[in-house]
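Since the structure comes first, as structure tokens, the remarks are kept for the end.
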Amino acid sequence: MASKEHIVNESLQLFRKMGIRSVTMDYIAEQLRISKRTLYELFPKKEDLLTECLNKIKEMHHQKAQEILSTSEHIIETFILFMRYHINDMKQFHPMFYYDLRKYYPEIACPQTEYFHNQMLINMQKFIEEGKKQGIFRQDIHSEIAAKLLIEQFKIASNEDLFPYEKYSYAAVFEHISINFLRGMATVQAIETIEKYYQKHINL
């Protein structure tokens, strides 16, 4: 009998590859070669399985964050490594994954998104304040305003009217927002440091 963890891991790969709406519970059972009864005993609804998949993503992000924090040599490198990780992670998802999540599963997407944004707001304010202490960011930067503006830009990036996925990849929009956010706050002296680490990790 397939374990719950195995089903979550394999289902997440299917959702990543095909989007959410097109992957039915019957299709998952067929692909994993398990009975529909077994699948529904562990996950009575598709929403239950999807929630576990999103929790798995959150766990993977947390593990990667700890790795980046323990290995980066500079605060700017930390930011760029986080940026590069998220860009590469986005490339593993079919564009319809995010669209399906927002449109058809808002009751799941909204708490996940709210948690992500709340954590980002806290972390970005700390990051900006530390950058100001180190002379990397200008002293006139208001950390809370800057962090909130960044979050709002990421929300705009998922606007299908402005950035239809057929024309713009979410990863490319995310990168433009992130690196220009960093450059915009930097002191003259720090620009060279930003470019050094950006070029170092551009092909990761």
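Is it the case that Ala146 is open to solvent by 30 Å² or more (accessible area, probe 1.4 Å), closer than 28 Å to Glu73 by Cβ and of a type in the set (Gly, Ala, Ser)?
no
Do you know which of the residues in segment 41-59 that are not in a helix (DSSP H, G or I) and not charged (D, E, K, R) is surrounded by the fewest Cβ atoms within 10 Å (Cβ to Cβ)?
Pro44
Quick one: in segment 60-94, of everything that is touching a Gly at 6+ places or on another chain (Cβ under 9 Å) and not aliphatic (A, V, I, L, M), which residue is surrounded by the most Cβ atoms within 10 Å (Cβ to Cβ)?
Here the answer is Phe79.
Output the number of residues of segment 92-120 satisfying the condition of being of a type in the set (Phe, Trp, Tyr) and either in contact with a Pro (Cβ under 6 Å, 6 or more places away or on another chain) or closer than 19 Å to Ala147 by Cβ (or both).
The qualifying residues number 2.
Quick one: count up the residues across segment 106-119 that are at pLDDT 90 or above and in contact with a helix residue (DSSP H, G or I) (Cβ under 6 Å, 6 or more places away or on another chain).
Within segment 106-119, residues that are at pLDDT 90 or above and in contact with a helix residue (DSSP H, G or I) (Cβ under 6 Å, 6 or more places away or on another chain) number 1.
Could you check segment 166-195 and list, in sequence order, the residues that are open to solvent by 80 Å² or more (accessible area, probe 1.4 Å) and of a type in the set (Phe, Trp, Tyr)?
Tyr168
Would you check if Gln112 is in contact with a Leu (Cβ under 8 Å, 6 or more places away or on another chain) and open to solvent by 40 Å² or more (accessible area, probe 1.4 Å)?
Criteria met by Gln112.
Being of a type in the set (D, E, K, R) and open to solvent by 70 Å² or more (accessible area, probe 1.4 Å) is the filter; apply it to segment 95-109 and report the residue that is farthest from Lys196 (Cα to Cα).
Among those that are of a type in the set (D, E, K, R) and open to solvent by 70 Å² or more (accessible area, probe 1.4 Å), it is Glu107.
Filter segment 4-59 down to residues that are without any contact (Cβ under 8 Å) to a residue 24 or more places away in the chain and polar (S, T, N, Q) and give me whichever is nearest to Asn118 (Cα to Cα).
Ranking the candidates gives Asn55 first.
Can you give me the number of residues within segment 10-40 that are under 24 Å from Lys58 (Cα atoms) and either out of contact with any helix residue (DSSP H, G or I) (no Cβ under 8 Å at 6 or more places or on another chain) or loosely packed, with under 13 Cβ neighbours inside 10 Å (or both)?
3
The values are calculated or read from the model by the stated rules, or taken from the named source; none is laboratory data. No experiment lies behind these values; they were computed from the predicted model shown. Cβ: placed from backbone, ideal geometry, glycine included. Neighbour counts: every protein chain shown. Ligands, DNA and RNA are stripped out before the accessible areas are found, and what is left, the full protein with its side chains, is counted by its heavy atoms. Shrake-Rupley method; radii C 1.70, N 1.55, O 1.52, S 1.80 Å.
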